[in-house]
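The values are calculated or read from the model by the stated rules, or taken from the named source; none is laboratory data. Note that the structure is predicted; figures quoted are calculated from it, not measured. Heads up, the Cβs are rebuilt from the backbone with ideal geometry, glycines too, and the neighbour counts pull from every protein chain shown.
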Amino acid sequence: MFDEPDEPRAEQALDPAGRAREKADEFRMHAELAAVFEGPRKFEAQIRANLNADVARNVQRTIGKLEKLKAADHPVLPPQAMEDAASLLALPDGAKLTTNDYHVHRRPGETVIVRWLAGDEVETFYERLQAHFDVAMNAFREEERQALQWKQDPATLKYLEALDSLEVKLQERYLRPVIREHGVIVLSTQAADEMDIQHLTEYMMGVESADVVGRASAPPEEPTEQDRAWFFKLFSLRGLVEGVERMCFFAFLQKADESF
């Protein structure tokens, strides 16, 4: 579903600590999706499906430029990207766009969603991110313990021990201390070849799919798996601008059965 190998590498499958870390990373990505898109359910965020086409294109071009400038092995943007990144993070101030809400622009078979957070909204995001992760991880630990502990073989016990000892502080994983101390701007991504649009909109956001992607692109009343399948890529831009901590989430969605 995400930018991860379809099958675990052999050494990871045999290494108890590697297995535990791999599962934690899966929960981290799901926690990020939940924290990014739960706004309508949890924080009275609105779906504003009137994002100006020029603004949408500018955001998309800037995100694409920043992605090309970013090193493949590290999310911290280089100095030459800082001006564009800072301008994008601060865009709501000059363009009179609300933070917290979801700004949507639609094209045939495509939808872009932009959400900005600033100040206390960023603090809340990190709290929710950690909470989603902790709930999923703790439930998985208990399930694995009940399912596997009876085996009592060394490899299984080491795996369960690795799960129990694993401590993931997502603020550190998302480089928040580095951002605040050194003033860097960070860009990270995750993608899915086939995201279930109803899972994203109805389950995570708590709204109808048509509210996000438009009536013409929304799945029919009795959708097939193909009707629900959308390519999905999420960009997370994070940094300080004029002393204010800010985030910009840019999501690009395209119907999986569309060709352009």
With T189, T201 as the choices, which residue is within 22 Å of A81 (Cα to Cα) and at pLDDT 95 or above?
-> T189
Pairs, first modelled with pLDDT under 95 in the range 236-260, second among the aliphatic types (A, V, I, L, M) and surrounded by fewer than 19 Cβ atoms within 10 Å (Cβ to Cβ), C-beta under 6 Å, six or more apart | none
Given the conditions (1) closer than 30 Å to P40 by Cβ; (2) buried (at least 19 other Cβ atoms within 10 Å of the Cβ), every one holds for A81 apart from (1)
Which pairs have Cβ atoms under 6 Å, sit 6 or more apart or on different chains, and link a residue in the range 169-186 that is closer than 19 Å to R28 by Cα to one that is surrounded by 11 or more Cβ atoms within 10 Å (Cβ to Cβ) and charged (D, E, K, R)?
-> V186/R238
Quick check: anything in the range 191-206 buried (at least 18 other Cβ atoms within 10 Å of the Cβ), among the acidic types (D, E), touching a residue at least 24 places away in the same chain (Cβ under 8 Å) and over 17 Å from V59 (Cβ atoms)?
-> yes
Given P177, P220, which one is farther than 30 Å from A17 by Cβ and exposed (fewer than 15 other Cβ atoms within 10 Å of the Cβ)?
-> P220
Just checking, how many residues over the range 169-184 are part of a helix (DSSP H, G or I) and β-branched (V, I, T)?
-> 2
From R21, R48, R28, grab the single residue that is modelled with pLDDT of 95 or more and within 22 Å of R141 (Cα to Cα).
-> R28
Filtered residues of the range 157-168 (kept if part of a helix (DSSP H, G or I) and surrounded by 16 or more Cβ atoms within 10 Å (Cβ to Cβ)) | Y159, L160, A162, L163
